[in-house]
Amino acid sequence: MRRIFSGLWSEIIRQLSLWAFPAFAFLALSAPSLRAQAPQKLTLHEVLERANRQNLDLASARLRRAVSEAGIRIARQRPNPTVTFGALRDLPHEDLLLDQPLELGGQRGRRIELARRQVSVTDAEYSALERQIRRSVRVAYYAVALARGVTAYQTRQLDLAKRLQEIAQARFEAGDVPQLEVLQANLVLARAETDLNISRQQELVALSQLNALLNERAETEWELATPIEEPPGVFTMDELIARAEQSNAELQRLGQELRVEEAHRLLLQAERFPKVTAEAGTDLNARTQGDPGKGFSVGLRGQLAVEVPIFSRNQGEIAQSRAATRLLESEAAATRRAVAGRSQSAYLNFAARRRQVEQYRDKLLPAGRQLADLAEESYRSGKAGILTVLDARRNAQQLEREYLENLFTLHEAFAELEESVGAPLD
């Protein structure tokens, strides 16, 4: 009997070892991948920096700047010479000439300066796009925070609904309340479960939108280290308007376009200088037959050709450039006034949203929660009906949902204010 038991025990040990080794090996191999899939903690500042490096729209804009910089190399190029060879029956029989256009009056320098100013316009456009991406990333970041806050809020509501259902069921079994209250509690529980599932799906949608801006996979998880409850900075209106006049992307673009037009007009004026072409070469084989002492084998030759600007002196182009300058100056003045108005409006909207969030946080939320807790306690002790609890709980839920939405709207208003100013405000 002992021999049989010993053999059976050995077989059990052998089978366990055969199954345990692959299981431990699988866990050992999968542990690094599980650690690699852990959500990475990111603050708002880190997300903005990651978007600046990885966003595809910004990457395309940086390549566009490289195209503009190549225009400077094009402007630095000098005119190519022209080599001419001729063969005639007359004397001299052959000639070899080299023509070289000469750029005088600072034309080349003006052309290079114009190309540099055009690069600055590209930089202003890139800055405008960068501000737009920054605003979109900020809003998307807090949209994920809002969605997760709503999911956590719905989870709490589900726990409360379960507790309320348990209380209703216990009171019904004790004969204190009719079955109608149990059915109402079950309905509240089912609705809480549905709302939680919807909020989880909305969280996935918000996360995919953030990942699209970061050029990451749609399912990439992030742990948001900057809470949605953290308020943005405080500024005065005069400070923001002054910064907007210096940093607004639209004003910067118009300023660069004015400088481009000025450089274009200076180039047009430089092109009014006479255009000179220097020609140097040689005449070959000009000997006369029958008189070897006359003629020559090689004879140097040189001349200058000057294009005199008498009729066409870029009059129309210069007049057009001056008209374009006046138009840009008018647009800049109008834009400056509009930017000040938008900055003021954005600031007032931000300040109003901030006060609204403070009202919810300091007054409305505590009062709503206290009322809901008192109603639930009264229902537990039999002093109130379930409708009273449901109404109080519904009001508290509405206040919490509105508080989260107001927090998101506050950050959205700050993003709009920051884009209007044209410079980071945090």
Check your understanding: Starting at 0 and stepping by 20 Å, how many percent of the alpha carbon pairs of the chain end up in each bin?
Key -> 16, 28, 24, 16, 10, 5, 1, 0
Check your understanding: How much accessible area per residue does the range 64-146 have, in Å², with a 1.4 Å probe?
Key -> 58
Exercise for review: Against the globular-protein guess of 2.2 N^0.38 Å, express the Cα radius of gyration of the range 283-426 as a ratio, rounded to two decimals.
Suggested key: 2.88
**Study point:** For R62, net neighbour charge (Lys/Arg +1, Asp/Glu -1) across residues whose Cβ lies under 12 Å away
**Key:** -2
**Study point:** Solvent exposure of the range 227-304 as accessible area per residue, Å², 1.4 Å probe
**Key:** 60
**Study point:** Protection proxy ranking, peptides 250-257, 51-58, average beta carbon neighbours within 10 Å, highest first
**Key:** 250-257, 51-58
Exercise for review: Would you mind putting 415-426, 296-307, 163-174 in packing order, based on average other-beta-carbon counts within 10 Å, highest first?
Suggested key: 415-426, 163-174, 296-307
Check your understanding: What do you get for Rg/Rh of the range 239-279 when both radii come from the Cα atoms and Rh is the Kirkwood radius?
Key -> 1.40
Point to revise | the range 245-307 - Rg over Rh from alpha carbon coordinates, Kirkwood radius | key: 1.59
Check your understanding: What span do the alpha-carbon atoms of the range 154-219 cover on each of the three principal axes, reported in whole Å from largest to smallest?
Key -> 60, 14, 11
Check your understanding: Could you list log10 I(q)/I(0) for the range 358-401 at q = 0.16, 0.24, 0.27 Å⁻¹, which the Debye formula gives when each Cα is one point scatterer?
Key -> -0.39, -0.72, -0.84
Point to revise | Two-decimal Rg/Rh across the range 203-336, once Rg and the Kirkwood Rh are taken from alpha-carbon atoms | key: 1.45
Practice item. Sequence neighbours fewer than 8 away in the same chain don't count; with that in mind, list the lysines whose C-alpha is under 24 Å from K363. Key: none
Point to revise | Rg in Å to one decimal, and Dmax rounded to a whole Å, for the range 100-160 via C-alpha atoms | key: 26.6, 90
**Study point:** Cα convex hull volume per residue for the range 280-339 (Å³)
**Key:** 132
Revision key, fill the gap. Whole-percent tail of the Cα-Cα distance distribution for the range 149-275, cut at 21 Å, equals 72
Practice item. List the pair-distance distribution P(r) of the range 353-426, using every Cα-Cα distance, as the percent of pairs falling in each 10 Å bin from 0 up to the bin containing the longest distance, rounded to whole percents. Key: 20, 32, 23, 14, 8, 3
Point to revise | For q = 0.10, 0.12, 0.20 Å⁻¹, Debye-computed log10 I/I(0) when each Cα of the range 46-178 counts as one equal scatterer | key: -0.69, -0.79, -1.12
Practice item. Give, rounded to the nearest 20 debye, the magnitude of the charge dipole that the range 327-426 has about its Cα centre when Lys and Arg contribute +1 at Cβ and Asp and Glu contribute -1 at Cβ. Key: 420
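The values are calculated or read from the model by the stated rules, or taken from the named source; none is laboratory data. Predicted, not measured: the structure shown is a model, and the values here were computed from it. Quick reminder, even Gly has a Cβ in these numbers, built from the backbone with ideal geometry, and neighbours come from all protein chains shown. Just so you know, the surface numbers come from the protein's heavy atoms only, side chains and all, with ligands and any DNA or RNA stripped out. Shrake-Rupley method; radii C 1.70, N 1.55, O 1.52, S 1.80 Å.
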